[in-house]
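Reading through the structure tokens given below for one structure.
We did not get these values from a lab; they are worked out from the coordinates using the rules stated. Keep in mind that this is a model prediction, so the values were computed, not measured. Methodologically, a virtual Cβ is constructed for each residue, glycine included, from the backbone with ideal geometry; neighbour enumeration extends over all protein chains shown.
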Amino acid sequence: MKQAIEKYLKNVFGPPARLLEFKKLGAGVHGTGFLIEVETEKGKKQYVIKDLAPEGLGHDNPSDRASVFLWALDNYNSLPKHIKAIDVIAQHEDGSIHSIGGGKEYFLLMEKAEGVNYFNDLSEFSKKEHLDEMDVKKIRLMTSYLAEIHSMKKDSKTLYRKKLRDTVGHGECLMGVFDSYPDGTLEYGEMAEIVKKSVEWIAKLKPKYKRLSQIHGDFHPGNIWFNPPTPPLEKGGKGGFEIDFVLLDRSRGPWGDPADDITALTINYIFFSVKNHGDAIGSYLEGINLFFDEYIKASGDKEINEVVAPFFAFRGAVVANPIFYPELTSEQRKLIFRFVHNVLDDDGFRLEKVNEYLR
């Protein structure tokens, strides 16, 4: 494969291009990332090639995986702060690699992200009783960013309802995640109850298609990479150190309800608090309250708490999945499932009831 990649790079960057390094960066449930370093006439450049696991989560056929990467190529570059996708490449039966077209396997070539993902911050919350200044600054930065991208609206009843449908039925969403659970994790009957309750919520939300907005689609901590803090550029600048972030892996359509992004992040304050403390307390409870407060303030979306339930069901299924988070105990998983049931059973999400939802 290394020789095939070098040949492809010579076609892209010209004959002088030389592959200096090709190594595996890491693997997740969805797939594996590889670092490539190439020397070109303009100097050394680093890129990442990503593949997708060929089974489960709706990626079972080569065409399924190709569609994910082709979507990424179409949409990564249109979202502010997102890393750029360069090309979609295909590996043919003879081992050669070309730009997409009739390929047997597919990979995504994209920029290499720098920084530390937000999972690191959430882990550090366990050592704090309260949020510090940098924690607050990061939450405000994320919520103002989401409010900005969500301000771009699209008038499409069809797209809104497709996104609602996908939240329950897509191979990467609620039903697909449940299908990936190892047998015995959760009774099939309870999975069905959660799905049925979510479908009932989808029916409630169908009339709200005017909420259709530009979204990231997978705004979870692993996809949010913060740069190291730097001093203000101007002398005497206020506000301490400057921070910023870059995003990875925009997914499952550029349009949807803002609740998709909000729950993708905020479920983690609950998840990490349950994992570390058994309920929602301390910095984690402050975090989820601040996130919702700042987002509503920045976006003006007074309705967000009334629409998050089915999206929390999907995200709850994700964090309770032993394939994704094997360190969670069965009792901790039960708390997450109780949270999901209780949020679905309420007529709207109430921040002051977070710990009641866990009971």
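Counting DSSP beta bridges with both partners in the chain, what percentage is antiparallel, nearest 5? Of all bridge pairs located within the chain, approximately 95 percent are antiparallel.
Helix 259-277 and the long axis of the chain differ in direction by around 70°, with both axes built from C-alpha atoms. Counting only lysines at least 8 places from residue 23 when in the same chain, those with an alpha carbon closer than 18 Å to its own are 2, 7, 44, 45, 50, 112. Between residue 241 and residue 323, the contour length at 0.36 nm per residue exceeds the Cα-Cα span by 25.8 nm.
May I ask which residue of 125, 329, 144 lies farthest towards the positive end of the charge dipole of region 116-357, with charges of +1 (Lys, Arg) and -1 (Asp, Glu) on Cβ and the Cα centre as origin? With unit charges placed on the Cβ atoms, the residue in question is 144.
Size descriptors for region 306-359: radius of gyration and Dmax over Cα atoms are 11.1, 32 Å.
Show log10 I(q)/I(0) for the chain at q = 0.12, 0.13 Å⁻¹, two decimals, from a solvent-free Debye sum over equal Cα scatterers. Debye intensities relative to I(0), on a log10 scale: -0.94, -1.09. Pair-distance distribution P(r) for region 259-357, from all Cα-Cα distances in 10 Å bins starting at 0: 16, 53, 27, 4 percent. Placing unit charges on the Cβ atoms only, positive for Lys and Arg and negative for Asp and Glu, gives the chain a dipole magnitude near 820 debye about its Cα centre. Taking Cα centre as origin and charging only the Cβ of basic (Lys, Arg, +1) and acidic (Asp, Glu, -1) residues, the dipole magnitude of region 2-111 rounds to 460 debye. Bridgeable lysines around residue 138 (alpha carbons under 17 Å apart, same-chain partners fewer than 8 residues away excluded): 81, 128, 238, 297. Working from the Cα coordinates of region 1-65, the gyration tensor eigenvalues give, after taking √(5λ), semi-axes of 27, 13, 8 Å in decreasing order. For region 145-257, the gyration tensor built on C-alpha atoms gives an oblate shape. Its axis ratio a/c (a ≥ b ≥ c) is at least 1.5, and a/b is not larger than b/c. GNM, the chain, Cα, under 10 Å: largest mean-square fluctuation among 316, 256, 189? Taking springs between Cα atoms under 10 Å, the residue moving most is 189. Ranked by the mean number of other Cβ atoms within 10 Å of their residues, highest first, the peptides 139-148, 346-355 fall in the order 139-148, 346-355. Debye calculation, C-alpha points only, no solvent: report log10 I(q)/I(0) for region 90-206 at q = 0.20, 0.23 Å⁻¹, in the same order as the q values. The calculated log intensity ratios at q = 0.20, 0.23 Å⁻¹ are -1.06, -1.10. For region 1-127, the alpha carbon positions stretch 53, 37, 28 Å along the principal axes, listed from largest to smallest.
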